[in-house]
Amino acid sequence: MARRGLAGDVAIIGAAVLIAAGVLVAVATPSAKVQAFANELTGGDDPPAVPLPGPPPRSSTAAPTPTTAVQAQLTVQTDATGRVVGMLPRTPLPSTGGSSPLAAAQSHLADIAQVWQVDPDTLRVADVRPVPFGTVVRYQQTIGGVPVFGGQIVQALAKDGSLVSAVGKTARARSGGFPADTSRTVQAAGQKAVTATADAKKLSAKDLSVQSTDQYWWDPTLGGTTGAAVAKPVYVVHIRGSRADQQWSMVVGANRTDVVQSWSETREASNRDVCDARRRLVSGSLASVRCGTAFPLVRTERSGSTAGDVGSVFKFFGDAQNFYARFTGLDLTTLIGADYGDGTGKAIRGTVRVCLVGERCPFLNAFWDGEQMAFGEGVTTEDITGHELTHGVTQHTSGLQGGQADALNEGMSDVFGKFIGITAGDPNDAGANRWSIGAGSAIGVIRDMRNPQRFQQPDRVNGPFWVTDNPDPHANDGVVNKAAFLITDGATFNGRTVRGLGVTKAVQVWFGVENLLTPRSTFQDLGNALAVSCQANLTAGVAGITQDDCAQVADAVAATQLDQAPQ
Ligand SMILES: [Zn+2]
């Protein structure tokens, strides 16, 4: 069984110790260690770090679970800091709550809490989503009722409710708390975020507005950043500029109002509505590009133009919709469609031939603005449209955001954009262009998934062109792309020979990943999620995935060095 190097250090821990009832857990309790570590690293004016409460001790009189015998072993995966990032039982752990996904997930919660050493009462259900291998149930960690940003544990359940795997990570200690004077500090955080964004983007602060301010606990190490593994209170401020492609999230400390991290929220979408801006110059605000209100519908499911960009976008929307429905059972319109009250209901919407103030016209780009698609001119290829719509899917599933997770977000969009193009039989996604992004568009080929180095992108973690501190998420996503190419088509790369699984199986492995990642997942988490997804699909018998297929996935992970911590 190839489970080598899934996520850094891999420890095999006897499940009889961890899971069988009646025995108090023998995993090192983090309290003392975490406390010392946190004190060492925080210092300054920060309040001392306080370990978060662990799970309640197991009663020695509790009845043993009926399956102790088969729970002989499970793999607990930890990252470089010793944080638990996954558990993979040798055989799925049966549900004691029946096959209803939520009840089954709740029945596994106590075991998971023991492995992660987290109080199960601080985990709340965030999402229950059917997938081809069964169901994923996503839990959000909270401290005092406030969510920990990226603190999530995702259960991969087979159709009978048994636990195939759980992945994710949680904060283990906190420092300080939220100020009592909430309205004043929220206002100060918003002000700070506006000023910092204006400075960084060279924009006027008066053109920026605060859309929302949400309370979170923020542990930088959850996203793969080095530093103290301590959650601190922050406000995540969502800022908008005057254009729909100007959206940022700023993480601002709740006490010192320093900017902790920031990222762009704009991502370059049945029921399909397409509008034609005919190169009319617009400000680019969300309202100014809305298809159905700012611009009249020129193509709907019932009627309209089939020519030019309008016709292609309409077809590509349909191909994306069909792809997700056929391979994953996902209804794209329900998941990411928008209803603007124009009588067509919830629809995947796109406005083509948009020209934006301050940009050249024709506009040679496309973006997902969180509600709908905006396209320039001639950029509407199958893979680019699939890329943009997948940003909408990611927004509603893993929620990848910021830092390494941003590059993973771009990678997932490239991967699914390409799968959509290939399965639709698009000529720009075939032959020599099978793995190139953008072929046939006005901007030409911009990335090569088979050979990322051709466009100065890394093809392995820490390899050539790997960037450690790079604000452009389209750089390191080359590693994600290379891994997808290897898993689908196979090749000899970096000392490993991978036999490709073919598109049908590869889609299932990657769709599992899309649902298993968490908002602050790292490249190592991706490597782990690939293995877990393959295992979950194997267990469920999806697409005929075999043990040997999962060994190929493990080899692809090793070849792209997704099992290494980024340096
Ligand atoms: Zn993108």
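The values are calculated or read from the model by the stated rules, or taken from the named source; none is laboratory data. What you see is a predicted model, and the numbers here were worked out from it, not measured in a lab. As a convention, Cβ positions derive from the backbone with ideal geometry for all residues, glycine included, and neighbour counts pool all protein chains shown.
Residues are listed down the side, and each one gets a yes or a no for (1) in the same structural domain as Leu88 (by TED's automatic domain parsing); (2) surrounded by fewer than 24 Cβ atoms within 10 Å (Cβ to Cβ); (3) not hydrophobic (A, V, I, L, M, F, W, C):
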| residue | (1), (2), (3) |
| --- | --- |
| Val467 | no, yes, no |
| His474 | no, yes, yes |
| Lys482 | no, no, yes |
| Gly490 | no, yes, yes |
| Gly495 | no, yes, yes |
| Leu517 | no, no, no |
| Gln524 | no, no, yes |
| Cys534 | no, no, no |
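Residue count for segment 496-519 satisfying the condition of being hydroxyl-bearing (Ser, Thr, Tyr) and part of a strand (DSSP E or B): 1.
Go through segment 197-241 and give me each residue that's assigned to a helix (DSSP H, G or I) and either within 19 Å of Ser283 (Cβ to Cβ) or more than 26 Å from the chain's Cα centre (by Cα) (or both).
If we filter segment 197-241 for residues that are assigned to a helix (DSSP H, G or I), which is where we start, we get 197-201, 205-207, 220-223.
Selection gives Thr197, Ala198, Asp199, Lys201, Ala205, Lys206, Asp207.
Could you list, in sequence order, the residues of segment 187-221 that are within 14 Å of Trp248 (Cα to Cα), surrounded by fewer than 16 Cβ atoms within 10 Å (Cβ to Cβ) and hydroxyl-bearing (Ser, Thr, Tyr)? If the condition is that a residue be within 14 Å of Trp248 (Cα to Cα), surrounded by fewer than 16 Cβ atoms within 10 Å (Cβ to Cβ) and hydroxyl-bearing (Ser, Thr, Tyr), then Thr195, Ser209, Ser212 are the ones that fit. Residues considered: Gly463, Gly478, Gly495, Gly500. Of these, the only one that is touching a helix residue (DSSP H, G or I) at 6+ places or on another chain (Cβ under 6 Å) and more than 16 Å from Cys534 (Cβ to Cβ) is Gly478. Confirm whether Gly417 is buried (at least 20 other Cβ atoms within 10 Å of the Cβ), within 11 Å of the ligand (Cβ to nearest atom), among the small types (Gly, Ala, Ser) and not in a loop (DSSP other than H, G, I, E, B). Yes, satisfied.
Being buried (at least 24 other Cβ atoms within 10 Å of the Cβ), within 13 Å of the ligand (Cβ to nearest atom) and not assigned by TED's automatic domain parsing to the domain that holds Gln247 is the requirement here; does Thr351 meet it?
Working: buried (at least 24 other Cβ atoms within 10 Å of the Cβ): yes; within 13 Å of the ligand (Cβ to nearest atom): no; not assigned by TED's automatic domain parsing to the domain that holds Gln247: yes.
It is false that Thr351 is buried (at least 24 other Cβ atoms within 10 Å of the Cβ), within 13 Å of the ligand (Cβ to nearest atom) and not assigned by TED's automatic domain parsing to the domain that holds Gln247.
For segment 474-495, residues that are over 20 Å from the mean Cα position of the chain (by Cα) and not in a loop (DSSP other than H, G, I, E, B) total 7.
Go through segment 354-366 residue by residue and tally those that are within 12 Å of the ligand (Cβ to nearest atom) and surrounded by fewer than 24 Cβ atoms within 10 Å (Cβ to Cβ).
Initially, segment 354-366 is screened for residues within 12 Å of the ligand (Cβ to nearest atom), giving 365-366.
Pick out the ones that are also surrounded by fewer than 24 Cβ atoms within 10 Å (Cβ to Cβ) and you get 365.
Number satisfying all stated conditions: 1.
Across segment 371-398, the number of residues qualifying as within 14 Å of the ligand (Cβ to nearest atom) and either surrounded by fewer than 20 Cβ atoms within 10 Å (Cβ to Cβ) or of a type in the set (A, V, I, L, M) (or both) comes to 7.
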